[in-house]
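The values are calculated or read from the model by the stated rules, or taken from the named source; none is laboratory data. A quick note: this is a predicted structure, and the numbers were derived from the prediction, not measured. Backbone-built Cβ (ideal geometry, glycine too); neighbour counts: all protein chains shown.
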Amino acid sequence: MTAITIVPADVRIVLAPPGSTMSLPVSEPITAGEYVRHDSTTGYARLGNASSLSECRQNSYLAANVAGDGTIQAAQRGAILELGDALDALDIDDKVYVADADGGLADTPGTVEYVAGIVIPGFMAGSPHNLLRLTLGDPIIDTGVC
């Protein structure tokens, strides 16, 4: 599994269909580009991973930006994100997986196979650039394990 390195300052939402973003309170430090899930006890957003079924959830998000007030703007299924150069080594239609490391993404599955999104083409300043279409919990894309 190769971790995908994301520079938080490069993360931005390119397209957010209605209902695909929300503001969430956090229970621990989170940076833009990290995989998050709801804490099953408090409901706060916390880092998730693919090391066990309890860590990856259907109701999960990718942190899009972090506010200074203890909340994050989180994107979920349907949103399209710019991640800077993080996806340049991947091809169009490649899957991006939740990694075993807290908050991480990878180019191959973790212990529990959970697809975070699909690489799609985008055109920034006239040249092709890879974007991520979030599919978190999509039963058609996902293996249905989580």
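Below is a table of values for the structure above.
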item	result
Residue in the stretch 108-128 that is of a type in the set (A, V, I, L, M), at pLDDT 90 or above and under 20 Å from Pro29 (Cα atoms) present	no
Test: residue in the stretch 50-60 that is part of a strand (DSSP E or B) and modelled with pLDDT of 90 or more	no
Subset tally (residues that are among the aliphatic types (A, V, I, L, M), closer than 16 Å to Leu136 by Cβ and either touching a residue at least 60 places away in the same chain (Cβ under 8 Å) or assigned to a loop (DSSP other than H, G, I, E, B) (or both)) for the stretch 1-31	7
Residue among Ala63, Ala86 that is touching a residue at least 12 places away in the same chain (Cβ under 8 Å) and in contact with a strand residue (DSSP E or B) (Cβ under 7 Å, 6 or more places away or on another chain)	Ala63
Every residue from the stretch 64-85 that is closer than 17 Å to Thr135 by Cβ and not β-branched (Val, Ile, Thr)	Ala64, Ala74, Ala75, Gln76, Arg77, Gly78, Ala79, Leu81, Glu82, Leu83
Identity of the residue in the stretch 11-24, closer than 13 Å to Ala63 by Cβ and in contact with an Asp or Glu (Cβ under 9 Å, 6 or more places away or on another chain), that ends up surrounded by the fewest Cβ atoms within 10 Å (Cβ to Cβ)	Arg12
Some residue of the stretch 46-64 being touching a Pro at 6+ places or on another chain (Cβ under 7 Å) and more than 14 Å from Leu136 (Cβ to Cβ)	no
Sole residue being among the basic types (Lys, Arg) and assigned to a loop (DSSP other than H, G, I, E, B), chosen from Arg37, Arg77, Arg46	Arg77
